[in-house]
1. Have a look at Ala52, Ala28, Ala38, Ala24 and point out the one that is in a helix (DSSP H, G or I), small (Gly, Ala, Ser) and out of contact with any Asp or Glu (no Cβ under 9 Å at 6 or more places or on another chain).
2. For the structure I just gave you, tell me whether Asp93 is in a loop (DSSP other than H, G, I, E, B) and either open to solvent by less than 20 Å² (accessible area, probe 1.4 Å) or of a type in the set (Asp, Glu) (or both).
3. So, in the stretch 52-91, how many residues would count as being closer than 18 Å to Glu176 by Cα and either of a type in the set (A, V, I, L, M, F, W, C) or out of contact with any helix residue (DSSP H, G or I) (no Cβ under 7 Å at 6 or more places or on another chain) (or both)?
4. Which of the residues that make up the stretch 180-214 are at pLDDT below 90 and under 26 Å from Glu77 (Cβ atoms)?
5. Given the structure, is Ala136 surrounded by fewer than 19 Cβ atoms within 10 Å (Cβ to Cβ), at pLDDT below 75 and farther than 11 Å from Val199 by Cβ?
6. Hey, Ser103 hits all of (1) of a type in the set (Gly, Ala, Ser); (2) outside any helix (DSSP H, G or I); (3) at pLDDT 95 or above; (4) open to solvent by 50 Å² or more (accessible area, probe 1.4 Å) but one; which does it fall short on?
7. Go through (1) of a type outside the set (Val, Ile, Thr); (2) touching a Gly at 6+ places or on another chain (Cβ under 6 Å); (3) crowded, with 21+ Cβ neighbours inside 10 Å and name the single condition Arg61 misses.
Amino acid sequence: MTKKTVGGTIVAIIPAYNEQTRIAAVIAQAAKYVDRVAVVDDGSSDGTGETAREAGALVVRHVENCGAGAATMTGIEAARLLGADVVVTLDADEQHDPSDIPSLLAPILAGTADIAFANRFGRRNRIPLIRRLANAAGNLVTFFATGKYVEDSQCGFKAFGPRVVQEIQLRMNGFEFCTEIVRECAVHGWRVAEIPAKVMYSEYTLAKGQSFGSGVKTALKILLRSFLR
């Protein structure tokens, strides 16, 4: 697959916090499938930003750590300035396989979906039980808060089509932004596709992700926000 099977600029956004040892590899792999790569250095205390810039990415830096949601929205705003028609978001810790980007982009470029969610549970991935349980809980909370069910609502690997790139406006700074995106789908009536994708867990990626405790806090924030709306 070429970078652009349909007209338009495709930008990959990689929110990153202290990922100096991994960010260059993620950039190199993602760059094979998109036109530009933008890294949001979310207040890292290591050389993440410098390493990403040396690897060829556009780097936008938060002075302090603001959270995954804030970094993602900053990346979307940067992509708009770059003239992006399509945006792909993926994690900086090598948990996602950039070779899945073409599959994620396919329904967007074909015009059959406005947003595509990677589904780690749609393939035979080795996913720890605690992560399966946490994701199931996240899906239920998301459903109760939004009225829309997505099988892997908490995955950061997504593709946004032109309509979503223009309309999305995230306000939640932390991991709860994944549920906010599902809410946006329901509010705007975006067409959704769910694409099976690989996931690569290691001690490193498991340590970087949400703990059970932080997951509970995220769920409470989501529910509180849903009642306050």
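1. Numbers: Ala52 fails: out of contact with any Asp or Glu (no Cβ under 9 Å at 6 or more places or on another chain); Ala38 fails: in a helix (DSSP H, G or I); Ala24 fails: out of contact with any Asp or Glu (no Cβ under 9 Å at 6 or more places or on another chain).
Exactly one residue qualifies, and that residue is Ala28.
2. Values: in a loop (DSSP other than H, G, I, E, B): yes; either open to solvent by less than 20 Å² (accessible area, probe 1.4 Å) or of a type in the set (Asp, Glu) (or both): yes.
In short, yes.
3. Narrowing the stretch 52-91 to residues closer than 18 Å to Glu176 by Cα: 65-76, 89-91.
If we keep only those that are either of a type in the set (A, V, I, L, M, F, W, C) or out of contact with any helix residue (DSSP H, G or I) (no Cβ under 7 Å at 6 or more places or on another chain) (or both) as well, we get 65-68, 70-71, 73-76, 90-91.
Residues meeting the conditions: 12.
4. Keep residues of the stretch 180-214 that are at pLDDT below 90, which gives 198-214.
Passing the criteria: Lys208, Gly209, Gln210, Ser214.
5. Numbers: surrounded by fewer than 19 Cβ atoms within 10 Å (Cβ to Cβ): yes; at pLDDT below 75: yes; farther than 11 Å from Val199 by Cβ: yes.
Yes; evaluated as a whole, the condition is true for this residue.
6. Checking Ser103 against (1) of a type in the set (Gly, Ala, Ser); (2) outside any helix (DSSP H, G or I); (3) at pLDDT 95 or above; (4) open to solvent by 50 Å² or more (accessible area, probe 1.4 Å), the one that fails is (2).
7. Against the list (1) of a type outside the set (Val, Ile, Thr); (2) touching a Gly at 6+ places or on another chain (Cβ under 6 Å); (3) crowded, with 21+ Cβ neighbours inside 10 Å, Arg61 comes up short only on (3).
One line per residue, one yes/no per condition, for (1) under 22 Å from Val164 (Cα atoms); (2) touching a residue at least 24 places away in the same chain (Cβ under 8 Å); (3) among the hydrophobic types (A, V, I, L, M, F, W, C):
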position: Val60; (1), (2), (3): yes, no, yes
position: Gly67; (1), (2), (3): yes, yes, no
position: Leu81; (1), (2), (3): yes, no, yes
position: Ala84; (1), (2), (3): yes, yes, yes
position: Val88; (1), (2), (3): yes, yes, yes
position: Pro102; (1), (2), (3): yes, yes, no
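The values are calculated or read from the model by the stated rules, or taken from the named source; none is laboratory data. In this text, all values refer to a predicted model and were calculated from it rather than measured experimentally. Here the Cβ is made from the backbone with ideal geometry for all residues, glycine too, and neighbour counts use every protein chain on show. Heavy atoms of the whole protein, side chains included, go into the accessibility calculation; ligands, DNA and RNA do not. Shrake-Rupley method; radii C 1.70, N 1.55, O 1.52, S 1.80 Å.
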